[in-house]
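Okay, structure first, notes after.
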Amino acid sequence: MFHCNFPVSVVCLALAAVAASAKAQTRDCATLAAKAPAGMTLTTEAIADGVTRPPGATTGPVLAAHCRVSGRMNERVGQDGKPYFIGFEMRLPTQWNGRFLYQGGGGNDGIIRPAIGPQASPTFALNKGFAVVTTDAGHQGPTADFGFDPIARTDNAYNAHDRVAVTAKDIIQKFYAKGPDKSYFIGCSGGGRQGMMFTQRFPSYFDGVIAMAPAMRVSSGATIAAAWDTQAFNAIAPVGADGKTVLSQALGNADLKLLSDGILAACDAQDGVKDGLVSDPASCKFDPAVLQCQAAKNDSCLAPAQVAAVKKVFEGAKDSKGKALYAGWPYDPGIGHPQNDWRAWKLGTSTTAVPNSRHVFLMQDALQAYFVTPPDRSVSLLSFDFDKDPARMAAHAWIFDTAADAKLAAFQARGGKLLIAHGLADPIFSPHDSIDYYQRLNAENGAAARDFARLFLIPGMGHCQGGAATDAWDGLQAMVDWVEKGQAPTQILAKGTAVFPDRTRPLCAYPSVARYNGSGNVEDAASFSCR
């Protein structure tokens, strides 16, 4: 028990109040499960301050004191005969700052990630005082098999997120005896899609949404692009001993480095300094044809077929009449950096005819079970028909994709703020798709668009994080300052991690880019301005 010595100071009374609150919330954590409404089960665990790390972590920061809540609702047996429920985890900090954060998922979902808020912030949101929730999106297991059940499809698209957001706010009310003062969402990839979905289907739920690398057209565009890229590279891949093509060897690591170096030579200096980043992608006019071999193929050049395949991929997927089926890709040097995930997604590393690229083992799974209607396990990225198969995806795309609404009238009217961020070396969702959406948002809303929406492009960064980039940035604090202080972000300080550990840069609100001032330390953000 906390005791104050006489005379009693204001500080002592404040500390006593904190201690009493912590004790009360530990008690409330134990009794919270009994407050679950009908049809929902809750289990709780009180976690002490500074003794526990996130599941699986053996190093790094420990977690602040909180109540961990595990829940499930809508338990049922699906049309496919499998059991389903909407699962979620919520963590309620003892020292609550009055804010709620919905932490988005990714991939095919199906797993419940620790609700600690690790994205776009140097500190776990939980440790900063946010109450945080995550969900499995209404199915269990990371594969797309849930697509064979129509209710699970709808849950994954939007219904589970609606239920979890409403439930989380209700739990906050029960635990703290008041609702959240402000509510935020943050997610990347599929989580970014979920954020965009909230701005459109449930525009009153969140004051601020951060959508990173949003999968806005994953079922009607990016998955088609995955088939396009896979076929383009497989068509030029060498054959193995069995006479079958080996996708991963269509471009060797030396070829990717050659591309990276060629892009840097053509475009690196356009922002005023050569620093290993292409910060002005709109001005980059790189043509891979400059790398084409004039004689036999060697490590200093690309074979004509390789050049043609690279051009085909970067121009974007098309049908036989030349109609664009998805956006093209910017030439960013991150595509050839070993710390980037470009190879992992588009080519893989398999040395046999059985490819292991993420496009094949992740996006093909979703294509077969989730994006075509009805589900069809015979569909393949390697045999995808760009004239016929896109129509098979339209039946579900309207309920899942989020690129069509570029007005966001209701979200704008309620005062919501939207921050979109995208790595320029992202290999799965094109930054050009985010740029296109933001340009349409501006066309629909005029000057008012910048009052509620900003886009930040991150040179060199791959999918969600990593790569030769300054990929560590506090987007969550920038959003809080925007929502609660009216400070719209014109730039956000970013730091390098594995590749540029001593570097800082300003991330600039589109269409501005970071340009060198002409003097000063090129590793210091202070030497750059957003112009």
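The values are calculated or read from the model by the stated rules, or taken from the named source; none is laboratory data. Remember, it's a predicted structure, so these values are computed and weren't measured experimentally. Note that each Cβ is placed from the backbone with ideal geometry, even for glycine, and that neighbours are counted across all protein chains shown. Side chains are part of the model used for accessible areas, which takes the heavy atoms of the whole protein and leaves out ligands, DNA and RNA. Shrake-Rupley method; radii C 1.70, N 1.55, O 1.52, S 1.80 Å.
If you go through segment 369-396 and keep only what is within 18 Å of Ser320 (Cα to Cα) and not hydroxyl-bearing (Ser, Thr, Tyr), you end up with Leu381, Leu382, Phe384, Asp385, Phe386, Asp387, Lys388, Asp389, Pro390, Ala391, Arg392, Met393. Open to solvent by less than 10 Å² (accessible area, probe 1.4 Å) and of a type in the set (Asp, Glu), is that true of Asp242? No. Remark: pairs (first residue in segment 370-392, small (Gly, Ala, Ser); second residue part of a loop (DSSP other than H, G, I, E, B) and surrounded by 20 or more Cβ atoms within 10 Å (Cβ to Cβ); Cβ separation under 8 Å; 6+ apart in sequence or on different chains) are absent. Annotation: Tyr331 fulfils all but one of (1) closer than 30 Å to Glu523 by Cβ; (2) open to solvent by less than 20 Å² (accessible area, probe 1.4 Å); (3) part of a loop (DSSP other than H, G, I, E, B); the unmet one is (2). Within segment 383-429, the set of residues being open to solvent by 30 Å² or more (accessible area, probe 1.4 Å), under 20 Å from Met196 (Cβ atoms) and at pLDDT below 95 comprises Ala394, Trp398. Restricting attention to segment 40-53, the residues that are open to solvent by 60 Å² or more (accessible area, probe 1.4 Å) and either at pLDDT below 90 or among the hydroxyl-bearing types (Ser, Thr, Tyr) (or both) total 2.
Among residues of segment 467-492 that are closer than 13 Å to Ser121 by Cβ, those with a beta-carbon under 7 Å from a residue that is part of a helix (DSSP H, G or I) at least six positions away or on a different chain give the pairs Ile492/Gly475; Ile492/Ala478.
The set of residues in segment 289-317 that are open to solvent by less than 10 Å² (accessible area, probe 1.4 Å), touching a strand residue (DSSP E or B) at 6+ places or on another chain (Cβ under 7 Å) and within 30 Å of Arg515 (Cα to Cα) contains only Gly316.
Just one of (1) in contact with a Lys or Arg (Cβ under 8 Å, 6 or more places away or on another chain); (2) closer than 30 Å to Leu476 by Cβ; (3) among the polar types (S, T, N, Q) fails for Gln412. It is (1).
Checking the conditions here, which among Arg505, Arg440 is touching a residue at least 12 places away in the same chain (Cβ under 8 Å), out of contact with any strand residue (DSSP E or B) (no Cβ under 6 Å at 6 or more places or on another chain) and not in a loop (DSSP other than H, G, I, E, B)?
Details: Arg505 fails: out of contact with any strand residue (DSSP E or B) (no Cβ under 6 Å at 6 or more places or on another chain).
Matching residue, one of Arg505, Arg440: Arg440.
Restricting attention to segment 391-413, the residues that are touching a Gly at 6+ places or on another chain (Cβ under 9 Å) and among the hydrophobic types (A, V, I, L, M, F, W, C) add up to 4. Hey, does segment 342-350 have a residue that's of a type in the set (Gly, Ala, Ser), under 18 Å from the mean Cα position of the chain (by Cα) and over 28 Å from Val239 (Cβ atoms)? No, that holds for no residue.
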